[in-house]
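Chemist: My questions all concern the structure below.
Throughout, read-outs are computed from the coordinates displayed, never taken from laboratory work. In this text the structure is predicted, and so the values were computed from the model without any measurement. Cβ atoms come from the backbone with ideal geometry, glycine included; neighbour counts cover every protein chain shown.
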């Protein structure tokens, strides 16, 4: 077996055995929010934003899932710029209008290291507005000092921590002093979709249907998706 597959398989087994209680706790909070009209908002910078996008308009995924997209924090606008901005202690203050938190929403903050200023500031902003916060991060980085002015790390701020167990440096393969084979997106995507699947199952315990997108490539999907988009369009921009 390719060593990368072997390492990913091992890591997935590890997170399944250790993180299901946190995933179930987070899923319960999200399901309760959605039952009361709230939505799941997702935030990440750089590669972490790819996971926020993964949950959006996803066949088989939740309709009321909204990525918070801020161009200067996204890779396509400049990888070096995104990395620099993520560490800027004044960034969130300048883009405060980009955050549209409503009472009852839940925010998932994705940050592998949990140490950079912007994800922590976003978590603090949400907490100030009494928004429930969940992190998807690797606590293996907890020995790395915070880059936030308060010296707090992400896990010091959020309500629920889901630990990806990703190794420091991201890669799971080594040759000499070279570390390669990044896994934060691979593991993060699996854990995110496990979380969303758990939310759907909790909702379905009480409701006949859950707000889930059908694949647009299936002929009968149209009416289901159109009705759900109309229901959530005011909170999530699908255009």
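Chemist: So residue 162 fits all but one of (1) closer than 22 Å to residue 124 by Cβ; (2) touching a helix residue (DSSP H, G or I) at 6+ places or on another chain (Cβ under 8 Å); (3) not in a strand (DSSP E or B); what number is the exception?
Modeler: Evaluating residue 162 over (1) closer than 22 Å to residue 124 by Cβ; (2) touching a helix residue (DSSP H, G or I) at 6+ places or on another chain (Cβ under 8 Å); (3) not in a strand (DSSP E or B) leaves (3) as the failure.
Chemist: Ok, one more. Which condition breaks for residue 143 when tested against (1) farther than 13 Å from residue 162 by Cβ; (2) surrounded by 21 or more Cβ atoms within 10 Å (Cβ to Cβ); (3) without any contact (Cβ under 8 Å) to a residue 40 or more places away in the chain?
Modeler: (2)
Chemist: What number of residues in the stretch 197-218 are assigned to a helix (DSSP H, G or I) and either in contact (Cβ under 8 Å) with a residue 12 or more places away in the chain or touching a helix residue (DSSP H, G or I) at 6+ places or on another chain (Cβ under 9 Å) (or both)? Don't jump to the end; show me each part of the working.
Modeler: Initially, the stretch 197-218 is screened for residues assigned to a helix (DSSP H, G or I), giving 197-204.
From what's left, either in contact (Cβ under 8 Å) with a residue 12 or more places away in the chain or touching a helix residue (DSSP H, G or I) at 6+ places or on another chain (Cβ under 9 Å) (or both): 197-203.
Going through the stretch 197-218 one residue at a time, the tally reaches 7.
Chemist: Consider the stretch 56-68. How many of its residues are in contact with a helix residue (DSSP H, G or I) (Cβ under 6 Å, 6 or more places away or on another chain) and farther than 14 Å from residue 210 by Cα?
Modeler: Total satisfying the criteria: 1.
Chemist: I'm checking my understanding of the structure. Among residues of the stretch 168-180 that are surrounded by fewer than 17 Cβ atoms within 10 Å (Cβ to Cβ) and touching a helix residue (DSSP H, G or I) at 6+ places or on another chain (Cβ under 7 Å), which one is farthest from residue 51 (Cα to Cα)?
Modeler: Applying the first criterion (surrounded by fewer than 17 Cβ atoms within 10 Å (Cβ to Cβ)) to the stretch 168-180 yields 168-169, 173-180.
Filter again for touching a helix residue (DSSP H, G or I) at 6+ places or on another chain (Cβ under 7 Å), leaving 168, 173.
Values: 168: 19, 173: 22 Å.
This residue is 173.
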